[in-house]
1. Using 0.36 nm per residue of separation minus the Cα-Cα distance, give me the extension gain between residue 292 and residue 341 in nm, one decimal.
2. Hey, what angle do you get for helix 82-92 against the long axis of the chain, alpha-carbon based, 0 to 90 degrees rounded to 10?
3. Need one number for the stretch 1-102: average projected area of the convex hull over its C-alpha atoms, nm².
4. For the stretch 343-423, what does the alpha-carbon gyration tensor say about shape, rounded, prolate or oblate, given a ≥ b ≥ c as the root eigenvalues, a/c under 1.5 as rounded, and a/b over b/c as prolate?
5. Viscosity 1.002 mPa s, temperature 20 °C: give me the Stokes-Einstein translational D for the stretch 64-169 in µm²/s, with Rh taken as the Kirkwood radius over C-alpha pairs.
6. Between residue 81 and residue 14, 0.36 nm times their residue separation minus their Cα-Cα distance comes to what?
7. Rounded to the nearest 0.05, what FRET efficiency do residue 3 and residue 108 give with R0 = 41 Å and r taken as the Cβ-Cβ distance? Could you check?
8. From the square roots a ≥ b ≥ c of the eigenvalues of the alpha-carbon gyration tensor of the stretch 287-405, which class results: rounded (a/c under 1.5), prolate (a/b over b/c), or oblate?
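Every number in this text was worked out from the coordinates using simple rules, so none of it is lab data. Quick caveat, the model's predicted, so the values are computed rather than measured. Here the Cβ positions follow ideal geometry from the backbone for every residue, glycine too, while neighbour counts run over all protein chains shown.
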Amino acid sequence: MTQQLVLDERDAPAWTEETDVIVVGLGCAGAATALEASAAGAETLVLERASGGGGTSALSGGVLYLGGGTAVQQGAGFEDSAEAMFQYLMAACGPAPDEAKAAAYSEESVAHFDWFVAQGLDFSPVFYPHYSGEPPTDDGLVFSGSEGAWPYVEIAKPAPRGHCPKIPGAAGGLLMQKLCAAVATSPARVVTDARCDALIRASDGTIQGLVARVDGATRSIRARGGVVLTTGGFIHNDTMLDLHAPELRRCNIRVGAEGDDGSGIQMGNAAGAATLNMGMGSISLPIHPPKSVSRGVLVNGQGQRFVNEDRYMGLLGEQVLYHQDGTAFLLFDDANFERPAMPRDLLAVGETWDEVGQELGLPPGALEATMRLYNDAAKHEQDPAFHKRPPYVVPLDQPPFGALDCRVESSPFAAFTLGGLHTNEWGEVLTPAGEPLPGLYGAGRATSGLAAPGYSSGLSLGDGSFFGRRAGRRAAEQRRS
């Protein structure tokens, strides 16, 4: 029997309790929502299906994409502006970026950074130059996107915007420890091991509350201000992936907690919400670190280059999976050979590029021609085809030559979903007509955020918390008797 994800109020169980704002999920987005709603004076209830908060956010690297001139950027000697950040996001987060969301996020990014500091997070104003993502040190700033790579470097003044909490390595656990502690000391009430089964809808379409199971008992909870869905994406729901994003099933690393099963998206959709970018995902091809691996050359199954190798690993992964049918090889010569930190198999070795191409099964002569053109320009530190930065443009002409495996089925590819409920810049869930669905809000990967595609590391935590705070405030403002 198919579970009902939405109940009309007349068919729902009698209300067992009331509150102002119900937040479903206690990851980064949910914590931010709860903190902001309760700070606005709303009686706030957080329902978390696991035995404690954290979710995917706690498993993440903890990088926060923030900019515009934060204290960490200034302390590390970098200038940034809201306009430059906006220009980059509009260029990178395509093909149809949400201008209103990008503008709000850029304009208020410094204040959002200060909000994280107010929650107890500390950031060292030191730049770590060696690779994107969380550093092995407690340095607080990295380039976590493609700001310095072509074509973005010609569109917006580059600045590092990956803010890393002060702890060596992955900081997601520390981030959620601080946010959950802040929630625990706030007026918000948290109930764990609570499974939300259905939304409750009034006759006029307004979401009135929800039905949840707690300790084996059914509770029907009315929300005077609204319900905010912060339940995560759907990377662990094969049925939804097959329907919306089948390419992501090919990736062998699924980034997400067990609860990323699309339940919130399904409830919102059943209630009349629109979804957006459901076919999009963040696909990382982790050939970095170290950054020096960018001296290599990526070719597709035809032996042709297709991208500048110094781009952020998420944009490389998107190119390979979505545009090259998941097939790519990373080429080196003997003088520049370097293995990525994440292991990859050496598939072919030869004394000529033609021998390597034959071993890879590429069209005859294709690899030889590609590398001849590349090496001729690289001798002058030029890359006219894809404009890779000069430090990474070197001739690969010293045999033996080799190719590392960058195919999606047989090498590390990390993926999570980016599509979800369609929301506006205030966290209001929208109908297919583009109108707010009364009483329903969303944030985090249960929604379609800033990047779809065009991900930069830290955008999930950044936009999830930012628009979660906005959703919490908006729901608090809508309290009704």
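1. Details: separation 49, 0.36 × 49 = 17.64 nm, distance 1.12 nm.
Here the segment from residue 292 to residue 341 would lengthen by 16.5 nm.
2. The answer is roughly 70 degrees.
3. Numbers: hull surface 46.5 nm².
Reported value for the Cα convex hull: 11.6 nm².
4. Numbers: a/c = 2.46, a/b = 1.44, b/c = 1.71.
Since a/c reaches 1.5 but b/c is at least a/b, the shape of the stretch 343-423 is classed as oblate.
5. On the way: Rh = 13.7 Å.
So the translational diffusion coefficient is about 156 µm²/s.
6. Values: separation 67, 0.36 × 67 = 24.12 nm, distance 5.19 nm.
Stretched out fully, the residue 81 to residue 14 stretch lengthens by 18.9 nm.
7. Working: r = 39 Å, r/R0 = 0.94.
Efficiency, rounded to the nearest 0.05: 0.60.
8. rounded
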